[in-house]
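Below is one structure, written out as structure tokens; the observations come after it.
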Amino acid sequence: MLGLTQLMVALDATVINIALPRAQVALHFSAGDRQWAVTAYALAFGSLLLIGGRLGDLWGRRTALVVGLVGFAIASAVGGFASNFTELVAARAVQGVFSAILAPAALAALTTTFTDRDERARAFTIYGALAGSGAAIGLILGGALTQWASWRWCLLINVIFAAVALVGVVWLIESRPGAKPANLDVIGAVLVSAGLFAIVFGLAHAVTATWASVVTIGSLVAGVALLSAFLRWQRRSDHPLLPLSVVFARTRGGSMVALFITMVGFFGVSLLLAYYLQNELGYSPLRTGFAFLPMVVALGFSAMLASARILAVSGPRPLIPAGMLLGALSMVLLTRLPERANYFGTVLPSLILLGLGLGLIFAPATASATAGVAPSRAGVASAMVNSSQQIGGSVGTALLNTIAVTVAGRALAHSSGATASAQAAATLHGYSIAFWWAAGIFFAGSIFTMIVLESGAPELTVEGTAGA
């Protein structure tokens with residue numbers, strides 16, 4: 001049930017992507033506006049995650065899950081029946097609001113429910129596999145629903161998912177009281193929400209404008225300043241929204257950084273590869289979605305076979321660096337994408353390697369990032385896990401897409417002419433350089449995690465109120 005909840009949240013970030021061309025025709029909005037159907041969700045989700053996690057601590061897991069599922073279902077239904085672009089974007093933003101409540105509550109419930117080391121490893125293996133493959137499953141589901149039914153079902157399908165998950169929550173999750181309402185840090189909530197909003201907005205703006213844009217730079221600088229002020233306030237607050245002990249423990253904080261780095265590479269690569277398959281090779285939306293299926297299978301195999309058996313004994317240190325090395329190797333293979341279709345020779349091997357690598361990262365990093373956290377702080381720790389992934393995905397999408405477009409433009413400018421062949425060559429050169437950057441990001445992440453993560457299984461005894 002908790003896995004279904006996480007899958008619903010994860011796939012919703014991409015399920016709408018393939019449906020957008022048909023939604024654009026139906027609702028008559030411009031190509032320049034269509035990004036807001038994706039960005040509105042990311043802005044609300046990314047900026048409100050810490051508040052959502054804290055509300056889960058205050059309300060209790062069951063209440064937070066029920067509120068999140070009901071609100072998410074209603075917003076999905078409104079978006080599915082939208083009659084104009086404004087309604088669609090508003091519904092996507094509200095989806096993001098309730099996702100910010102739902103995602104931390106689901107992970108926190110998992111954290112506090114499974115305390116036995118072996119059971120915890122198995123639970124987080126399933127959860128990590130679903131979280132890691134959700135984006136790819138979203139591409140497959142979006143392609144299938146758009147091609148066989150209607151683009152509207154990319155949103156309406158969430159009503160069914162939420163209804164099933166809601167029955168499971170009411171039936172299986174024990175109702176427990178939350179913390180005292182007086183503990184909510186209002187100043188911290190405003191600072192972190194505004195800071196994360198500015199960061200995500202700046203990154204989204206960079207995709208459609210440039211990194212040198214005044215709006216892009218101003219948003220990113222303001223975001224960094226607000227988040228810095230938030231951290232300073234957390235040291236002074238009597239009831240901090242984010243107790244710094246949650247993120248400053250080596251393995252816990254290192255695991256959150258690992259998730260951030262992984263999503264930088266993964267989301268950027270998923271976007272570029274989807275463009276390559278559709279625009280360069282002429283794949284249909286459905287075929288593009290299914291092209292990612294081997295990665296999902298490899299991810300599940302890796303997570304189940306390796307993470308479930310090794311994590312409970314060795315902890316995340318041997319798994320996460322190895323997964324990032326596999327990710328780096330996958331990116332190196334993608335730097336050699338040909339102009340002519342050669343899915344089985346180039347794309348398939350790289351996707352299998354990437355899936356195997358992600359399976360070694362997501363479950364161990366998610367489990368370690370929430371291990372040893374007191375139940376009263378589980379929602380905040382879970383929100384930080386989701387924030388790491390959400391912000392990482394935004395950075396990856398903006399960074400790698402901007403690199404690919406910029407390099408391709410320069411290559412085309414230096415070519416003999418703007419012929420179709422020259423444009424294709426320039427585009428592939430842009431992809432190649434972006435994939436080299438992604439390889440470097442994964443390689444740097446491997447070195448970082450090998451240094452920072454501690455050896456041995458993560459400690460499951462909960463921290464004290466002042467513990468590390």
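Being surrounded by 17 or more Cβ atoms within 10 Å (Cβ to Cβ), modelled with pLDDT under 80 and either of a type in the set (A, V, I, L, M) or not assigned by TED's automatic domain parsing to the domain that holds ALA371 (or both) holds for only one residue in ALA162, ALA136, ALA182, and it is ALA136.
Going through region 257-269 one residue at a time, which ones are surrounded by fewer than 24 Cβ atoms within 10 Å (Cβ to Cβ) and over 12 Å from the mean Cα position of the chain (by Cα)? If the condition is that a residue be surrounded by fewer than 24 Cβ atoms within 10 Å (Cβ to Cβ) and over 12 Å from the mean Cα position of the chain (by Cα), then VAL257 is the only one that fits.
Under 20 Å from the mean Cα position of the chain (by Cα), in a helix (DSSP H, G or I) and modelled with pLDDT under 80: which single residue out of ALA44, ALA10, ALA40, ALA93 fits that description? Sole residue among the options that is under 20 Å from the mean Cα position of the chain (by Cα), in a helix (DSSP H, G or I) and modelled with pLDDT under 80: ALA10. Of everything listed in (1) part of a loop (DSSP other than H, G, I, E, B); (2) modelled with pLDDT of 90 or more; (3) small (Gly, Ala, Ser), the single unmet condition for GLY282 is (2). Might you check whether a residue that is modelled with pLDDT of 80 or more and among the polar types (S, T, N, Q) occurs anywhere in region 53-66? The answer is yes, given that some residue of region 53-66 is modelled with pLDDT of 80 or more and among the polar types (S, T, N, Q). With respect to the conditions (1) assigned to a helix (DSSP H, G or I); (2) modelled with pLDDT of 85 or more; (3) over 16 Å from the mean Cα position of the chain (by Cα); (4) not aliphatic (A, V, I, L, M), SER99 falls short on a single one, namely (3). Scanning region 402-412 turns up no residue that is surrounded by 24 or more Cβ atoms within 10 Å (Cβ to Cβ) and closer than 30 Å to ALA100 by Cα.
For region 310-352, the tally of residues that are in contact (Cβ under 8 Å) with a residue 60 or more places away in the chain, over 22 Å from GLY265 (Cα atoms) and surrounded by fewer than 16 Cβ atoms within 10 Å (Cβ to Cβ) stands at 4.
With the structure loaded, tell me whether SER415 is out of contact with any His (no Cβ under 7 Å at 6 or more places or on another chain) and not in a helix (DSSP H, G or I) or whether it fails that test. For SER415, the condition - out of contact with any His (no Cβ under 7 Å at 6 or more places or on another chain) and not in a helix (DSSP H, G or I) - is met. Of all residues in region 185-225, those satisfying the criterion of being touching a residue at least 24 places away in the same chain (Cβ under 8 Å) and of a type in the set (Val, Ile, Thr) are ILE187, VAL192, ILE199, VAL200, VAL207, THR208, THR210, VAL224.
In the set ALA434, ALA424, only one residue is within 18 Å of THR335 (Cβ to Cβ) and modelled with pLDDT of 90 or more; that residue is ALA434. For region 229-243, the set of residues classified as touching a helix residue (DSSP H, G or I) at 6+ places or on another chain (Cβ under 8 Å) and either under 18 Å from PRO104 (Cβ atoms) or without any contact (Cβ under 8 Å) to a residue 12 or more places away in the chain (or both) consists of PHE230, GLN234, HIS239, PRO240, LEU241, LEU242, PRO243, listed by residue number.
The values are calculated or read from the model by the stated rules, or taken from the named source; none is laboratory data. Just so we're clear, the structure is a prediction, and the values are computed from it rather than from any experiment. Cβ atoms come from the backbone with ideal geometry, glycine included; neighbour counts cover every protein chain shown.
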